[in-house]
Amino acid sequence: MKLGLFSTCVADTMFPDAVRATASVLERLGHEVVVPREQTCCGQMHLNAGYRRDAQPLADRFVATFAGFEAVVCPSSSCVGTIRELYPQLLGIDNQITERVFELSEFLVDQLGVEDLGAAYPHRVTYHPTCHSLRVTKVGDAPLRLLRNVRGLELVELPDATECCGFGGTFSLKNAATSSAILADKCQSIESTGAEVCTALDGSCLLQIGGGLSRGGDRARAVHIAEILASR
Amino acid sequence: MKGPTESFPVAANRELGNAQLRSNLGNATSTIRAKRARVVEELPDWEALRDAGSAIKADVLANLDTYLLQFEQALTAAGATVHWARDGAEACAVVAEVARAHGADEVVKVKSLTTDEIELNATLAAQGIHALETDFAELILQLDGDWSSHILVPAIHRNRTEIRDLFQRTIAPDITSDEPGVLAEAARVYLRERFLNAKVGVSGANFGVAETGTLCVVESEGNGRMCTTLPPVLVSIIGIEKLVPSFADLEVFLQLLPRSSTGERMNPYTSLWTGVTEGDGPQELHVVLLDNGRTRVLEDEVGRQALHCIRCSACLNVCPVYSRTGGHAYGSVYPGPIGAILTPQLIGIENAPSLPFASSLCGACYEVCPVKIDIPRVLLHLREKSVDAVGGRTERAAMSGVGWVFGRAWRLRLAQRIGRVLQRPFVRDGVIRRLPPPLSAWTDSRDLRPIAPAHPSDENSGNDDE
């Protein structure tokens, strides 16, 4: 398949290795992956912050950039959710490509039927299911199926896993104290597992979790799932 | 209805500083949340029930004019007097008039959010009429001049030692133990005499059946039933959105509500009454149909689903924000996710502009809502209204600036490059620990990952688009 890779503004800017890993996982499976230079941001921040009109040109731009691909893969469930759910609902976008945008793990498991990528990652890892992957994009257990097939990876269950990390986009700044209080509990849960790595599908949540773990001097690091799946 | 007197972030900051509150809330919400999950899981048709609940409410709202007149007719035929109240003041005036007509200087009250919404107690007090709260938790708050922080468990922020001390100061000077049984007995002794002597009872209603004129109150303690059966006169105030078309529809809601609310299969007391029955219960029944902003909410096609709410409080218990800040931070009788969408709509977005932003948009509220209110969707809708109504110029400019940057790929690349230069003095050991305002809001409690040295969208061959 000729796949478009939507790197997302957050991952492109701060988690480039997650984007590169996404490309290499897909290429190893024999797909042609293109990261269009024209891409920028899906408009999620504007949509979620009450600036719908400012999101419109960004959404139109996304559609124009990616409409020619068979499918678009993205290392972020919340961006996928924005495109799949909010574009038609809030921006009146009626383009078939919005239904062909997938988060990496759901694309691998549900669209390609692949669960074992031959990856190896000899670490103790806990998985944080991000809110939008659970409740908007609804990736189900796809990420866990993939992680269970990684050689050497010891997967440990995260207590209160489905609790939010407290990021919430502009919420993390506007309501910084509440955001941090929620994060503190998440970091505590992660530490209680003794994991070296906390992984998730979303760069934005990993920005929050990683920032909390690092500030607290905690042992665990935040790593995007694509990087684990691309490890050999 | 009173709105918040300060913005949510300011109020939340204060509440977050209360360690006792945080731990009480954490324990209480996680306990109820687990109970709810257990009893919901055992129903194979839970999703169908939610669909039914949502459909019935949507039908009621779409045909409210018809159902309200039917309800009025049925009530009148059953011997009740129906009053229409445009706002809280009109509703309170009905209660005051009834109390005065019967020479009552005290009325006994069933726990009711609607009466809190219209500030009934304060309005009656100003006219020399004491409204006695008879719900155990509401009584605690009333004795201490405090106010509710949770729809279902109003005193969730108080623990039993605090309650024992309060009772010592007020209704039971001799009490020494803080055992729940002892505390409950003290309240029971205090309340029983008041029930028997009360001339007027006041209630809200969970449901009103349009077809029959029946009112329904669900509760756990039985004190509500004391109020609706012992006094010779009863005034029930019901929001106009609380109707259900037929008696059979109660079947759906009496399953949805207790399981979502207390995590019980069935609540201990379900009281149903239809008008006046000679020789049994109150011989005079007044029913006040309250608008108080509801018809305005109804006008909004996206926002109106907030009127589906059956006040179960499941959304509060699963909310990461509510379970940290508690209810007082919301500055309204309707706290938590439902409050964040209901309060601004009832009192006008300009009077509560920060509430729709009091959410991380995690969606847990929508997942548990028994009548499927898409709270995140309404939050986005109200955020847009809030920005349009009272949005700050600085934020507007920042958002436009970011939008401009994202408008062309070369601008994003340029911004990434400039950011890399600007961040240099702040990066230590691969992280940013301190930034100047407004970004210090992030770095005060979290490290920030720096902008990377290179970007995948820039690694492809080809020319820039513009």
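The values are calculated or read from the model by the stated rules, or taken from the named source; none is laboratory data. Treat the numbers as computed from the prediction; the structure is a model and nothing was measured. Quick reminder, even Gly has a Cβ in these numbers, built from the backbone with ideal geometry, and neighbours come from all protein chains shown. Heavy atoms of the whole protein, side chains included, go into the accessibility calculation; ligands, DNA and RNA do not. Shrake-Rupley method; radii C 1.70, N 1.55, O 1.52, S 1.80 Å.
Things worth noting here:
- Probe 1.4 Å - accessible area at B:W147, Å² to nearest ten: 110 Å²
- Averaged over A:212-225, number of beta-carbon atoms from partner chains that fall within 10 Å: 2
- What segment A:2-111 shows is 31 Å² of accessible area per residue, with the surface traced by a 1.4 Å probe over protein heavy atoms.
- If R0 equals 41 Å, the separation of the Cβ atoms of B:L69 and B:E350 corresponds to a calculated FRET efficiency of about 0.80.
- Using Cβ point charges alone (K and R +1, D and E -1), the dipole size of segment A:1-156 about the Cα centre works out to roughly 240 debye.
- Gain upon complete extension [B:H102, B:T161; 0.36 nm per residue less C-alpha separation]: 17.3 nm
- Placed amide H near A:F102: partners under 5 Å, 5+ positions off or other chain: A:V72, A:V73, A:C74
- From the C-alpha gyration tensor of segment B:256-405, square roots of 5λ in Å: 36, 19, 12
- Note, ³J(HN,Hα) from phi for segment B:21-29, Karplus 6.51, -1.76, 1.60, rounded to Hz, x at Gly and Pro: 4, 4, 6, 4, 5, x, 5, 5, 5
- Cα centroid of segment A:39-58 to Cα centroid of segment B:393-429, whole Å: 15 Å
- Farthest toward the positive end of the dipole of the protein assembly as shown, out of B:A34, B:F8, B:I238, is the Cα of B:F8, where the dipole comes from beta carbon charges about the Cα centre.
- Charged side chains reduced to their Cβ positions (Lys and Arg at +1, Asp and Glu at -1) give the protein assembly as shown a dipole of some 2100 debye around its Cα centre.
- 5 angstrom amide H check on A:T130, placed H, neighbours 5+ away: A:L201
- Helical contribution to [θ] at 222 nm, DSSP H n ≥ 4, -39,500 (n - 2.57), averaged over chain B, rounded to 500: -14500 deg cm²/dmol
- Taking a sphere under 12 Å around the Cβ of A:P122 and counting the other residues whose Cβ falls inside, with K and R at +1 and D and E at -1, yields a net charge of +1.
- Taking the charge dipole of the protein assembly as shown about its Cα centre, with +1 at Lys and Arg Cβ atoms and -1 at Asp and Glu Cβ atoms, the residue from A:L155, A:V73, A:S214 reaching farthest to the positive side is A:S214.
- Averaging Cα coordinates gives a centre for segment A:73-99 and one for segment B:115-143; these two points are 49 Å apart.
- Most mobile listed residue (A:I83, A:I182, A:I209) in chain A, GNM with C-alpha springs under 10 Å: A:I182
- A:A67 sits among other residues whose Cβ lies under 14 Å from its own Cβ, and their net charge, with Lys and Arg +1 and Asp and Glu -1, is -2.
- Here the Karplus relation 6.51 cos²θ - 1.76 cosθ + 1.60, evaluated at θ = phi - 60°, turns the backbone of segment A:21-33 into coupling constants of 5, 4, 4, 6, 4, 6, 5, 4, 7, x, 9, 8, 10 Hz, with x for every Gly and Pro.
- Net charge contributed by nearby residues that have their C-beta within less than 11 Å of A:G166 (K/R +1, D/E -1): +1
- Principal axis box of the protein assembly as shown, alpha-carbon based, largest edge first, Å: 88, 56, 49
- Charge dipole (chain B, unit charges on Cβ, about Cα centre) - positive-most of B:V202, B:G348, B:T81: B:G348
- Whole-Hz couplings from phi, Karplus 6.51/-1.76/1.60, listed for segment B:151-164; x for Gly and Pro: 4, 9, 10, x, 9, 4, 8, 10, 10, 6, 5, 4, 5, 4
- Taking N as its residue count, the alpha carbon Rg of segment A:2-111 over 2.2 N^0.38 Å: 0.99
- Cysteines of chain B lacking any other cysteine Cβ under 4.7 Å from their own Cβ: B:C92, B:C216, B:C227, B:C309, B:C312, B:C319, B:C369.
- Qualifying lysines (Cα of each under 25 Å from Cα of B:K199; at least 8 residues distant if same chain): B:K109, B:K111
- Given charges at beta-carbon only (K, R positive; D, E negative), |dipole| of chain B in Debye: 1920 debye
- Computed over the alpha carbons of segment B:48-175, Rg followed by Dmax gives 18.8, 55 Å.
- In the complete set of protein chains, residue-level accessible area for A:K138 is approximately 140 Å², probe 1.4 angstrom.
- Taking all protein chains as shown and a probe of 1.4 angstrom, B:T31 keeps an accessible surface of around 80 Å².
- Loss of accessible area when B meets A, both sides summed, Å² nearest 100, probe 1.4 Å: 5500 Å²
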